[in-house]
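Read-outs throughout are calculated quantities, based only on the coordinates presented, and are distinct from any laboratory measurement. Bear in mind that the values here come from a model prediction, so they are computed numbers and not experimental data. Heads up, the Cβs are rebuilt from the backbone with ideal geometry, glycines too, and the neighbour counts pull from every protein chain shown.
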Amino acid sequence: MRNNMQDAILLSRNIFLILALAPFACCSISEKIPLGAIFDQGSDDVQTAFKYAISNHNQNESGRRFELQAYVDVINTKDAFKLSRLICSQFSRGVYSMVGAVSPDSFDTLHSYSNTFQVPFVTPWFPEEVLPPSSGFLDYATSMRPEYHQAIIDTIKYYGWRRIIYLYDSNDGLLRLQQIYQALTPGNEPFQVKTVRRINNVTDALQFLRGLEEQSRWEHKHVVLDCSADMAKDIVVGHVREVS
Ligand SMILES: *[C@@H]1O[C@H](CO)[C@@H](O)[C@H](O)[C@H]1NC(C)=O
Ligand SMILES: *[C@@H]1O[C@H](CO)[C@@H](O)[C@H](O)[C@H]1NC(C)=O
C-alpha cells in the first residue's frame, strides 16, 4: 500500500515535472510571432531599419524568447479599398501587431482598422495629428518617436530669434510646424514663423535660400531645417559655398 502511494507520488511528480518543463521546451525551440508590416514606397531607410531589427532579434537565439516573422507589404496606393484588402489579408494571418510608415491617407485607414479590431499599430512617427478615439476606447496606434516641437520652440527662444524661416521635407515636419503654431500664444509669441516652405531635396532648399538672399541680402535670417541630419548638413555646406 505504502509503495503504491510512493509510486503514485513519484508518478505525479514526474508528470508535474514534464508539465513544468513543457512551456520552456516549447519556447526555447521558439514560437513564431507573426507581425504585419506596411510601408510606403520610397521609405527604404525605415524598411532597412525594420529588417535589420527583425534579423538581429531572430539571430540572437540565446537572448530571445520568441522568433518574429514579418509579413511585409510595400504599397504604392492611396486607394482605401485596395489598402483595406491588404490589411484584411494581413489580419487573416493572425498578426499580433502591425508596423508601418505610411502617408496620412493610408495612415487613417490603417489606424481605424487597428482600433476597430484592437490590433496594435506601431509606427516610427505619426504622419498627422492623432486625436484620441471619439468612442472613448483605447487608441491602438503608438508612435515610437516622442514629440519634440517644444524642444524646437525652446531652442529658438533660447537664442532669442524673433523671425523664423521654417523649411521641412515631410508630413512629419508639417505636423511639427502645426504643433509649434498651436503652442504659441496669440499676441504673446516669443517669435513669428515668417516663411514656411516644403522642400523636396537639397537643390530645392538651396534655390529657395538663394532667392531669400537676393531679396534681402543684409538682413539676419534664422532658418529652421526640419529634415534629416545628412540633408541639413548638405544644405548648410551648399549654402555657405554659394554665398561666400
Ligand atoms: C542577445 O540578447 C540578450 C538579451 O536581450 C542581450 O543581452 C545580448 O546583448 C544580445 N546579443 C546580441 C549579440 O545582440
Ligand atoms: C528636386 O526637387 C524638384 C521638385 O521640387 C525636382 O524638380 C528636381 O528634379 C529635384 N532634384 C533632384 C536632384 O532630385
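What the table below lists for this structure:
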item: R0 of 41 Å, Cβ-Cβ distance M144-N188: FRET efficiency to nearest 0.05; result: 0.75
item: Cα convex hull of segment 108-149, projected area averaged across orientations, nm²; result: 3.1 nm²
item: Fraction of alpha-carbon pairs over 17 Å apart in segment 166-205 - percent; result: 36 percent
item: The chain: most fluctuating residue of L138, L167, L209 per GNM, C-alpha cutoff 10 Å; result: L138
item: Separation of alpha-carbon centers, segment 98-162 and segment 174-207, rounded to whole Å; result: 19 Å
item: Rounded to 10°, Cα long-axis angle of helix 2-28 versus longest principal axis of the chain; result: 20 degrees
item: Residue-averaged [θ]222 nm for the chain, counting only DSSP H segments that reach four residues, each worth -39500 (n - 2.57); result: -16500 deg cm²/dmol
item: Förster-model FRET efficiency, 35 Å R0, S84 and A151, C-beta, rounded to 0.05; result: 0.40
item: The chain - convex hull of the alpha-carbon atoms, volume per residue in Å³; result: 221 Å³
item: Additional length obtainable on full extension of the chain from L131 to H220, 0.36 nm per residue less Cα span; result: 28.2 nm
item: Per-residue HN-Hα couplings for segment 224-238 [Karplus 6.51, -1.76, 1.60; θ = phi - 60°; Hz; x = Gly/Pro]; result: 9, 9, 9, 7, 5, 4, 4, 5, 4, 4, 4, 5, 4, 4, x
item: Calculated from backbone phi, Karplus (6.51, -1.76, 1.60) coupling profile of segment 119-126 in Hz, x at Gly/Pro; result: 10, x, 10, 10, 9, x, 7, 7
item: FRET efficiency for Q41 and T203, using Cβ-Cβ distance with R0 set to 25 Å, rounded to 0.05; result: 0.70
item: Pairs of Lys in the chain closer than 19 Å at Cα, counting only those 8 or more apart or on different chains; result: 5
item: Size-normalised alpha-carbon gyration radius of segment 99-244, reference 2.2 N^0.38 Å; result: 1.24
